[in-house]
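Structure first, then comments.
The values are calculated or read from the model by the stated rules, or taken from the named source; none is laboratory data. All figures in this text were calculated on a predicted structure; none of them were measured in a lab. A quick note on method: Cβ atoms are made from the backbone with ideal geometry, for glycine too, and the neighbour counts reach across all protein chains shown. The area values use the complete protein model at the heavy-atom level, side chains included, leaving out ligands, DNA and RNA. Shrake-Rupley method; radii C 1.70, N 1.55, O 1.52, S 1.80 Å.
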Amino acid sequence: MTEQPGRLAAYWDRQLDKMEEAERKRARKLPGWRTRKHRRTLVVVLVLADLALVAGATQFKAQPSWVFPAFWLTGLVVGGFAFITLRVLTGRMSGSFSRLLDEREREWRHRVTYIGYQALSYLMLIAMFYGLVVADTAAGGAMMLSALLLTGTTIPAIVLGWSLPDDDPEDFEEGMGNA
């Protein structure tokens with residue numbers, strides 16, 4: 001029985017090593033986009049996509065019937081692209097294990113996680129009131145809940161994308177040279 005914790009720890013060490021290697025590869029992607037200007041452009045795109053999701057949720061079951069899918073699908077596709085790209089450009093700081101982050105990155109992660117949690121809490125209250133007061137059907141309330149939940153999960157990436165400074169080009173070149 002005492003052997004199990006050691007095996008589990010070894011398993012997690014192997015998994016973290018794999019994640020660290022994947023992060024090193026991802027860190028070399030999109031070198032020309034690793035500026036505050038590009039990240040902020042993606043943040044604006046992501047916020048607009050989140051707003052499209054919310055607007056689509058308000059139009060669930062509305063006429064004409066094409067309005068909801070147009071807003072919803074646009075928000076999902078455009079927002080998904082912007083979110084994934086932002087996660088690459090911010091080094092997945094908001095979702096990485098502590099072992100993969102330095103002290104500065106850990107502090108950023110703690111800050112944005114707290115901000116994201118607070119924002120998500122308020123968005124869920126809005127979704128609850130929308131479902132109770134505004135939504136015509138339970139499905140309409142569920143669509144708003146989905147839209148606001150997706151919006152809330154993007155908050156840490158939005159905060160990081162907007163506020164992180166530009167990457168130091170020398171650090172990036174050193175990382176490329178070590179590969």
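Would you confirm whether or not the range 50-57 contains a residue that is over 12 Å from residue 157 (Cα atoms), acidic (Asp, Glu) and outside any helix (DSSP H, G or I)?
No, there is no match, as no residue in the range 50-57 is over 12 Å from residue 157 (Cα atoms), acidic (Asp, Glu) and outside any helix (DSSP H, G or I).
Each row is one residue, and each column tells you yes or no for (1) over 29 Å from residue 17 (Cβ atoms); (2) at pLDDT 90 or above; (3) of a type outside the set (Ser, Thr, Tyr); (4) in a helix (DSSP H, G or I).
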site: 80; (1), (2), (3), (4): no, yes, yes, yes
site: 86; (1), (2), (3), (4): no, yes, yes, yes
site: 92; (1), (2), (3), (4): no, no, yes, no
site: 99; (1), (2), (3), (4): no, no, yes, yes
site: 106; (1), (2), (3), (4): no, no, yes, yes
site: 116; (1), (2), (3), (4): no, yes, yes, yes
site: 120; (1), (2), (3), (4): yes, yes, yes, yes
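I'd like to check something: does the range 58-73 contain any residue that is of a type in the set (Gly, Ala, Ser), in contact with a helix residue (DSSP H, G or I) (Cβ under 6 Å, 6 or more places away or on another chain) and either at pLDDT 90 or above or closer than 17 Å to residue 149 by Cβ (or both)?
So far as the range 58-73 goes, no, none of its residues is of a type in the set (Gly, Ala, Ser), in contact with a helix residue (DSSP H, G or I) (Cβ under 6 Å, 6 or more places away or on another chain) and either at pLDDT 90 or above or closer than 17 Å to residue 149 by Cβ (or both).
Please determine, by comparing only the residues of the range 122-140 that are at pLDDT 85 or above and buried (at least 21 other Cβ atoms within 10 Å of the Cβ), which one is farthest from the chain's Cα centre (by Cα).
Checked the range 122-140; the qualifying residue farthest from the chain's Cα centre (by Cα) is 127.
Look at the range 141-150 and say how many of its residues are surrounded by fewer than 24 Cβ atoms within 10 Å (Cβ to Cβ) and in contact (Cβ under 8 Å) with a residue 60 or more places away in the chain.
2
Does any residue in the range 30-49 that is of a type in the set (Lys, Arg) come within less than 8 Å, Cβ to Cβ, of a residue that is open to solvent by 80 Å² or more (accessible area, probe 1.4 Å) and outside any loop (DSSP other than H, G, I, E, B) six or more places away or on a different chain, and which pairs are these?
Once the first residue is of a type in the set (Lys, Arg) and sits in the range 30-49, its partners that are open to solvent by 80 Å² or more (accessible area, probe 1.4 Å) and outside any loop (DSSP other than H, G, I, E, B) give 39/33; 39/162; 40/162.
Anything in the range 58-76 that is of a type in the set (S, T, N, Q) and part of a helix (DSSP H, G or I)? List them, or say none.
Scanning the range 58-76 gives 58, 74.
Could you tell me how many of the residues in the range 60-84 are small (Gly, Ala, Ser) and surrounded by 19 or more Cβ atoms within 10 Å (Cβ to Cβ)?
Count: 3.
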